[in-house]
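See structure below.
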Amino acid sequence: MGESVLYEVEDGLATVTLNRPEAMNALDTNTKNALREALRTAGSDEAVRAVLLTATGRAFCVGQDLKEHVGILESGGGLATVAEHYNPIVTALATMPKPVVAAVNGVAAGAGAGFAFAADYRLAADTASFTTAFAGVALSTDSGMSWTLPRLVGQARAAELLMFPRPVPAQEALALGLVHQVLPAPALAQAAVAVARALADGPTVAYGAMKEALAYGASHTLEESLAHEDTLQARAGASADHREAVSAFVAKRKPRFEGR
Ligand code: T3D
C-alpha cells in the first residue's frame, strides 16, 4: 500500500488513514487503489473486528482529484474509476461484516462524503463540513450516495443536497442525521478511537449480522425481512460470543467477547 493511505491494526482495530494532506486527501489513482486494497484487507482479515476511517490534515477528503481528472479527460479517458474504485470501496465499507467508524476531521466532498456516509457510525469535528459537490462538476452521483443519502436524510432532502450542493456545517449535519456526534476538533481523534475500540471489543458476529439485516430490510418486505432475521439470528445465536454474553449475564459479570 502506498503512503497516501496508512493502514495499521492494533488489537483488532484497523485504522485506515487517508494521507495526502497537501492535496486535501483528493482521490488520485494511487490513493484510490491503496484505499480499495486497505479496505479489502480489513474486511477479509478475521483478526480485524472494527475499522476506523479517518484522514490527516485540514480535510477529510475532497473527492475525485480534479487536477488529475482534467488530464484524464483531456487524453480522452472515461469514467472507469466508478467501477474500478468507487464501487468496490463503498461495497467494502458498507458490507464488510464488522463495524466501520468514520472520523471526519474536515471537509468531506463528493466521493469523500460518500465514503463517510457508507460507514456505520460517523463522528465529525465541529470544523468539518459535508458537500455532495457532484453537480458543481456536472456529474450525477456515485460512491453509493444514491443509496446512503436518502436513507440518512430522506428522499426530498437528498435531492436538495445533490442538486444544490453546499458545505453543510457539522452542527447542521448532526441535526440532519448525517453524523452521530460532533466534537471540538482537538477531541475528535480520541472520541473516534473510543467508539471504534468499543466496537472492536464487541460481539463481531452480531454486528456483522446487524449490518446485513439493516441493508436487507431497507429493500424487502416485512415477511422477507423476518425470514432473513431468522437466518441471521441463528448465526449470531450460534456464536461463542452469544454463549459468553448469556453466561456473563447470569453470573453478573462483564462479558469478554472474542469476535467469534
Ligand atoms: O470519473 C468519475 O466518475 C469522477 C468521479 C467523481 C467523484 C467525485 O468525488 S466528484 C466531486 C469532486 N470534488 C469536488 O468537486 C470538490 C471540489 N472542491 C471544492 O468544492 C472545495 O475545494 C471544497 C468545498 C472541498 C473546500 O473548499 P475550501 O474553500 O476549503 O478549499 P479551496 O480553497 O477550494 O481548495 C484548497 C485547495 O484544494 C485548492 O488548491 P490550490 O489552489 O491551493 O492549489 C483546490 O484546488 C484544492 N482542491 C479542492 N478540491 C479538490 C482540489 N484539488 C483536486 N481535486 C479536488 N477535488
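The values are calculated or read from the model by the stated rules, or taken from the named source; none is laboratory data. If you're wondering where the values come from, they're calculated on a predicted model, not measured in any experiment. We place every Cβ from the backbone using ideal geometry, glycine too, and count neighbours over all the protein chains shown. Accessible surface is based on the protein model in full, side chains and every heavy atom, while ligands, DNA and RNA are left aside. Shrake-Rupley method; radii C 1.70, N 1.55, O 1.52, S 1.80 Å.
For the stretch 5-36, filtered to residues that are near the ligand (Cβ under 10 Å from one of its atoms) and touching an Asp or Glu at 6+ places or on another chain (Cβ under 6 Å), the residue that is most open to solvent (accessible area, probe 1.4 Å) is D28. Taken together, the criteria exclude A128 from residues that are over 15 Å from the mean Cα position of the chain (by Cα), within 26 Å of S44 (Cβ to Cβ), in the same structural domain as A187 (by TED's automatic domain parsing) and not β-branched (V, I, T). The residues of the stretch 92-110 that are within 16 Å of the ligand (Cβ to nearest atom) and under 17 Å from A38 (Cα atoms), listed by number, are L93, A102. For the structure I just gave you, tell me whether H69 is surrounded by fewer than 24 Cβ atoms within 10 Å (Cβ to Cβ) and in contact (Cβ under 8 Å) with a residue 12 or more places away in the chain. So H69 does not fit the description; no.
Taking the criterion of being closer than 18 Å to S44 by Cα, open to solvent by 30 Å² or more (accessible area, probe 1.4 Å) and either outside any helix (DSSP H, G or I) or of a type outside the set (V, I, T) (or both), would at least one residue in the stretch 92-99 satisfy it?
yes
Out of the stretch 156-173, which residues are open to solvent by 30 Å² or more (accessible area, probe 1.4 Å) and within 16 Å of V107 (Cβ to Cβ)?
P165, R166, P167, P169, Q171, E172
Tell me, yes or no, whether the stretch 77-87 has at least one residue that is open to solvent by 60 Å² or more (accessible area, probe 1.4 Å) and modelled with pLDDT under 95. Scanning the stretch 77-87, I find at least one residue that is open to solvent by 60 Å² or more (accessible area, probe 1.4 Å) and modelled with pLDDT under 95, so the answer is yes. Residues that are open to solvent by 10 Å² or more (accessible area, probe 1.4 Å) and in a strand (DSSP E or B) within the stretch 53-65 comprise T54, A55, Q64, listed in sequence order. Looking across the stretch 126-142, the residues that are β-branched (V, I, T), part of a loop (DSSP other than H, G, I, E, B) and farther than 12 Å from N105 by Cβ come down to T132, T141.
Does L123 count as closer than 20 Å to A102 by Cα and not in a helix (DSSP H, G or I)? Judged against the criteria, L123 is a match. Here T81 meets each of (1) within 14 Å of the ligand (Cβ to nearest atom); (2) more than 26 Å from T127 (Cβ to Cβ); (3) touching a residue at least 60 places away in the same chain (Cβ under 8 Å) with one exception, condition (3). Restricting the stretch 110-134 to residues that are without any contact (Cβ under 8 Å) to a residue 60 or more places away in the chain and over 18 Å from R166 (Cα atoms), the residue that is surrounded by the fewest Cβ atoms within 10 Å (Cβ to Cβ) is A118.
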